[in-house]
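The values are calculated or read from the model by the stated rules, or taken from the named source; none is laboratory data. What you are looking at is a predicted structure, and each value in this text was computed from that prediction instead of being measured. Every residue, glycine as well, gets a Cβ built from its backbone with ideal geometry; the counts of neighbours run over all protein chains shown.
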Amino acid sequence: MPIQPLIDAATAALTMAETKPPFSPQEARIEASRCLFCFDAPCIMACPTGIDVPTFIRKITTDNLTGAARTILEANVLGASCARVCPTQMLCEGACVMLDLEKDPIQIGRLQRHATDHVAAHGIDVLHAAHTKNGRRIAILGAGPAGLGCAAELARLGYSVTVYDKQPAGGGLNTYGIAYYKMRPQVSLDEVRMIERLGVEFRYGVEVGRDLQVADLDRDHDAIFIGIGLGGANRLGIPGEDLPEVVDALDFIEWIHTRPLDQVPVGRRVAVLGCGNTAIDAVTQAKRLGAEQATIIYRRGAAEMSAYPFEYELAKTDGATFLFDATPVEVVAKDGHVAALTLAKTAVHEGRVSVVPGSEWTEPFDLVLKAVGQEKQIGLLGRLFPGLKIDSRGRVEHDPTTMQTSLPKVFVGGDAASGGREVVNAVAEGKKAARGIHASLTATATIGPVQPSRFGMPDGAVGSGFDHPIRVHELEAALTQG
């Protein structure tokens, strides 16, 4: 039978509560005071956007939360989102020198949230557009993290920027595809509004190639940035895949973000296919929304899953179960709805997975969530941009320093360039592309690998325009003044 919501609003609010709640002011000061404020800190180098972690934490110790937020957001305009969704254990916190002292790392993510929440709650804008426009217009395709990172940087450099997205709201993955217990969509929407206040124009419900042609964008803009994300989940290629209860895991997560929690339909027995971080998000949320059983089915062993270890442990804590070395061979239907999965054991030989003959068995399920990777947008990008070079893995070829593609006027970042990485990587690539666009259009701008200095910015410059040199002692004097 069709799946239905399983829990009431009060229960949903409890079970979907954030796993990392915000610090109180006292907790934040205590945690910040543990920081050693390292010179050339490894946590800075571990951050793809080069946030000057010691500086913003030092400002928290003096209750200068506005200054701390400015340090964060000048480096990463989506600092509030990344504070919640970044795999900090693998990045900044994983590089913390406290680990070398056999102590717990500084909780950088939660401190970052503490600072960015302050300016959001009080309506304080710490980022500002250039005082005058330079007369250049840039089109950005996609309002996800890469597009937003590029748009904000360009606005601060004086460009007129228009972002096009087919969704009704901006934010991309951050708005529609992050586990609810990690981040509420409102955080992402607030970041979009912050970027709007920089003068960036957003046009929603617009699909390029259908509602707007690339030829028109090319005519009306000086450069185009491709920030289009990945497509839908890869097909399974098995009988029964088109039944109504076989759903993309990201679509299931979008239901959670766009409907009241007590109106999200969930199966009592949920199968999640795949074992990446999206699969973990899906299985955990299914369990929290009332599924009696939620099982990840993965065709390889536990050692080969792409999910982060801490995500795996969280899912197990929430009661999710894991079935490794197995794969579905058929979705079994009853009265036109999912009733079960026929599964088979798998074996891996020389890196290739194969089904073990005669090993099939059937397990009852009423909802199947696909998290087996997303389709690359090769066909779409090829139609929109004839002559655009795309590699064998479906990624747009580009200059790694400028993010410029084989089409001189077209730049790229995010999933279209990398094939799918973290939010913070997409923001970093968007910023890099903005600087590449600026260099291409001004001819006098110089760019290169931007190495964060002790103060979280290229040596000898502040802001994104690199046009206001400042002495080191002046920066040191300003650390506690925001």
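Each residue in region 1-17 was checked for being closer than 27 Å to residue 118 by Cα and surrounded by fewer than 13 Cβ atoms within 10 Å (Cβ to Cβ), and 3 of them qualify. Check whether at least one residue in region 426-434 is outside any strand (DSSP E or B) and over 14 Å from residue 145 (Cα atoms), and report yes or no. Checked against the condition, which is being outside any strand (DSSP E or B) and over 14 Å from residue 145 (Cα atoms), region 426-434 yields no hits at all.
Summed over region 38-69, residues that are part of a loop (DSSP other than H, G, I, E, B) and closer than 27 Å to residue 125 by Cβ total 9. Any residue at all in region 269-277 that is over 26 Å from residue 303 (Cα atoms) and either at pLDDT below 95 or among the β-branched types (Val, Ile, Thr) (or both)? No, the conditions are met nowhere in region 269-277. Of the residues making up region 367-390, those that are touching a residue at least 24 places away in the same chain (Cβ under 8 Å), farther than 30 Å from residue 5 by Cβ and in contact with an Asp or Glu (Cβ under 9 Å, 6 or more places away or on another chain) are 376, 377.
Within region 400-425, the set of residues being assigned to a loop (DSSP other than H, G, I, E, B) and either outside the structural domain of residue 217 (by TED's automatic domain parsing) or crowded, with 24+ Cβ neighbours inside 10 Å (or both) comprises 403, 405, 413, 414. Exactly one residue out of 10, 17 is in a loop (DSSP other than H, G, I, E, B) and under 30 Å from residue 366 (Cβ atoms), and it is 17. Looking only at region 383-404, filter to residues that are basic (Lys, Arg) and farther than 21 Å from residue 434 by Cβ; which one of those is modelled with the highest pLDDT? Among those residues, the one meeting the criterion is 389. Against the list (1) over 30 Å from residue 335 (Cβ atoms); (2) outside the structural domain of residue 438 (by TED's automatic domain parsing); (3) not small (Gly, Ala, Ser), the condition residue 273 fails is (1).
The selection criterion, being on the phi < 0 side of the Ramachandran plot and without any contact (Cβ under 8 Å) to a residue 40 or more places away in the chain, does not hold for residue 117. Where strands (runs of 3 or more DSSP E) fall wholly inside region 298-368, the ranges with 1 or more residues that are out of contact with any strand residue (DSSP E or B) (no Cβ under 7 Å at 6 or more places or on another chain) are 326-334, 337-349, 352-355. Do we find that residue 130 is under 16 Å from the mean Cα position of the chain (by Cα) and either farther than 28 Å from residue 87 by Cα or not assigned by TED's automatic domain parsing to the domain that holds residue 114 (or both) in this structure? Against the criterion (under 16 Å from the mean Cα position of the chain (by Cα) and either farther than 28 Å from residue 87 by Cα or not assigned by TED's automatic domain parsing to the domain that holds residue 114 (or both)), residue 130 does not qualify. Residue under question is residue 41, and the condition is that it be under 28 Å from the mean Cα position of the chain (by Cα), farther than 25 Å from residue 288 by Cβ and surrounded by 12 or more Cβ atoms within 10 Å (Cβ to Cβ); does it hold? It is true that residue 41 is under 28 Å from the mean Cα position of the chain (by Cα), farther than 25 Å from residue 288 by Cβ and surrounded by 12 or more Cβ atoms within 10 Å (Cβ to Cβ).
Against the criterion of being in contact (Cβ under 8 Å) with a residue 60 or more places away in the chain and under 24 Å from the mean Cα position of the chain (by Cα), residue 16 qualifies.
Being over 25 Å from residue 177 (Cα atoms), among the basic types (Lys, Arg), in contact (Cβ under 8 Å) with a residue 24 or more places away in the chain and not in a loop (DSSP other than H, G, I, E, B) is a description that does not apply to residue 110. Is it the case, given these coordinates, that residue 140 is touching a residue at least 60 places away in the same chain (Cβ under 8 Å), within 15 Å of residue 431 (Cβ to Cβ) and not in a loop (DSSP other than H, G, I, E, B)? Against the criterion (touching a residue at least 60 places away in the same chain (Cβ under 8 Å), within 15 Å of residue 431 (Cβ to Cβ) and not in a loop (DSSP other than H, G, I, E, B)), residue 140 qualifies.
Pairing residues of region 83-103 that are in contact (Cβ under 8 Å) with a residue 60 or more places away in the chain with residues that are of a type in the set (Phe, Trp, Tyr), at Cβ distances under 9 Å and at least 6 apart in sequence or on separate chains, gives 87/308; 87/310; 89/308; 89/310; 90/308; 90/310.
Within region 178-215, the set of residues being touching a residue at least 60 places away in the same chain (Cβ under 8 Å) and either more than 20 Å from the chain's Cα centre (by Cα) or within 17 Å of residue 430 (Cβ to Cβ) (or both) comprises 188, 191, 194, 195, 197, 198, 199, 208, 209, 214.
So that you can scan it fast, the table gives a plain yes or no per residue for (1) at pLDDT 95 or above; (2) within 20 Å of residue 414 (Cα to Cα); (3) surrounded by 24 or more Cβ atoms within 10 Å (Cβ to Cβ):
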{"site": "37", "(1), (2), (3)": "yes, no, no"}
{"site": "47", "(1), (2), (3)": "yes, yes, yes"}
{"site": "69", "(1), (2), (3)": "yes, no, yes"}
{"site": "77", "(1), (2), (3)": "yes, yes, yes"}
{"site": "80", "(1), (2), (3)": "yes, yes, yes"}
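Of the candidates 72, 7, 108, 51, the single residue that is of a type outside the set (Asp, Glu), more than 19 Å from the chain's Cα centre (by Cα) and on the phi < 0 side of the Ramachandran plot is 7.
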